[in-house]
Amino acid sequence: MTDSTAGTVLRSAPPAPGAVDATVVVPGATSVTARALILAALAAEPGWLRRPPRTRDTLLIAEALRAMGIGVEETVSSATATAPDAGVPGDHGESWRIIPATPHGPADVDVTGAPGAARLLLPFAALAEGEVRLTGTPDPASGSPAGTVAALRALGARVDDGGRGAFPLSVHGTGPLNGGTVALDVAADPRTAGALLLCGARCNRGVEIRHVPSDPAATRPGDPGDPGALPDRLPHLGAVVASLRAAGARVDAPESGGRPGVWRVAPGALLGRDVVIEPDPVAALPFLSAAMVTGGRVTVPDWPARIGRPTDALPDVLTALGARCSVDDHGLTVVGAGPLRGVELDLRGPAAAATGSGAGWVAGVIALAALAEGDSVLRVRRADVPDTVIGDLLALGADITEAPDAPAAAGTPGTVLRVRPRPLRGAPPRSAGPRRAAVAALLALASATPGASRTTGPAIDVADPGAGDGAPDGDTTGYDPSDDGGGGTAEFRSRWRAMLAGRLPAAAPRNRD
């Protein structure tokens, strides 16, 4: 085995003295924050967003809203501020006050590096009075905006893209769109469908999305193109529908008695609300996993109740691996209930939708599978295979094999990962991003903590989580690495150390809507 840490001074990651017992406030979910920003900007009265994550997408959307005349005031609330000795930088009870107004141009919005923000801002810009110019390159891998542009034109928007179906482009708005019906392959692009629905209440006729498969001839009952199968396969749209209803919108959807393959938002006023941003599942996963490997208990506050949200997938997966999970007014609590079990899981649908980063989700599950007492079979999208994390585990002696699988939803390539637990020894590469730091910290905890549930011996030497530089492999893991050349990793490290030292503040139970 090649020692990829040659020339690097490794500092042992901090072990726990025993079973961990902590309440850990993790960063909020970027996708939830993005939706909440759009809905708050379209509301009839001001609202609040509590604990929004400062990620590239959320900051870009906030700045774009300001450019179009919406007030976004960033404040720190002393009522929710973290204790000063908690060792958690950036977790100071930050809140954003959103002051809605009629969006207007002229405005320039740079969407470089933020595909999620670009997808949401296009429909919002179409509601503005005046010209809004969107420039930059969100991400070549995120696909062309041509489908969104075509859908907006069907709703009455005027978009000038020079016939290229790409950025830069200009949206020439005259206020609320006429609205109406859009035919869209929802299975192939549920996020564009969700972005259109979010703005539906501000269209004169509302917005109706009808699922039309791109290739009807290839559709069989039960396939993603079958409207009757869509509600269970599109958790992202379920989350959009839940957000709209919480904001006061009238929504018809297949999962709540509506027509199969049809989603409709009626025109009407939206409520200004006080919203606590729910946790990012990928950011929560390493801390909840720590409870499992040490036989302890970890609670992540503000976890949403089980009402069909994508985040339902995380406790289900951890339960399958052997944990005891419960969701109540205190949040999601995970208790280590004995040795980890080998599992057979399909992580292609709800996982990717819940996290927005399927690779971050899959990385955490692979790490737990490597510490289980039996073999695991994980079906994932090929795009979500965390090659850097798998490489780290292989360097420690893990047995992980990959084989092609049947295509996942919307035809994306599928992969079967087989994880056979083996004794792990040596030193993985120095942590280079929050995702790899989280896996390295979990392995070190399993290796060095007395009584931990593990298949490892005490021979793993893991660099202190966060000792690396930034996140060159594109990791986010709920912590945005774009600030300070790697602040996201430092933030994860601080929370991890505080959890082990018992210095994280407990969160009071909250009242649920």
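The values are calculated or read from the model by the stated rules, or taken from the named source; none is laboratory data. Small disclaimer: the values here were computed from a predicted structure and weren't measured. Here Cβ is always computed from backbone atoms with ideal geometry, including for glycine, and neighbour counts include all displayed protein chains.
What residue, of 187, 118, is buried (at least 21 other Cβ atoms within 10 Å of the Cβ), in a loop (DSSP other than H, G, I, E, B) and within 25 Å of the chain's Cα centre (by Cα)?
Matching residue, one of 187, 118: 187.
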Out of the residues in the range 75-97 meeting the condition of being at pLDDT 50 or above, within 22 Å of the chain's Cα centre (by Cα) and on the phi < 0 side of the Ramachandran plot, tell me which one is surrounded by the fewest Cβ atoms within 10 Å (Cβ to Cβ). 94
Confirm whether residue 230 is part of a helix (DSSP H, G or I) and at pLDDT 85 or above. no
Being among the β-branched types (Val, Ile, Thr) and at pLDDT 85 or above is the filter; apply it to the range 409-437 and report the residue that is nearest to residue 342 (Cα to Cα). 419
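On the given criteria, is residue 281 within 30 Å of residue 498 (Cβ to Cβ) and at pLDDT below 95?
So residue 281 fits the description; yes.
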Going by the structure shown, is residue 171 of a type in the set (A, V, I, L, M), in the same structural domain as residue 119 (by TED's automatic domain parsing), in contact with a helix residue (DSSP H, G or I) (Cβ under 7 Å, 6 or more places away or on another chain) and modelled with pLDDT of 95 or more? yes
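Within the range 132-144, is there a residue that is more than 27 Å from the chain's Cα centre (by Cα), at pLDDT 95 or above and assigned by TED's automatic domain parsing to the domain that holds residue 42?
yes
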Anything in the range 39-50 that is of a type in the set (A, V, I, L, M) and either surrounded by 24 or more Cβ atoms within 10 Å (Cβ to Cβ) or in a strand (DSSP E or B) (or both)? List them, or say none. 39, 40, 41, 49
Can you say whether residue 319 is crowded, with 18+ Cβ neighbours inside 10 Å and either closer than 30 Å to residue 46 by Cβ or touching a strand residue (DSSP E or B) at 6+ places or on another chain (Cβ under 8 Å) (or both), as far as the supplied structure shows? no
Screening 250, 273 for residues that are in contact (Cβ under 8 Å) with a residue 60 or more places away in the chain, out of contact with any helix residue (DSSP H, G or I) (no Cβ under 6 Å at 6 or more places or on another chain) and among the basic types (Lys, Arg) leaves only 273
Residue hits (the range 98-115; outside any loop (DSSP other than H, G, I, E, B), more than 27 Å from the chain's Cα centre (by Cα) and farther than 14 Å from residue 169 by Cβ) are 104
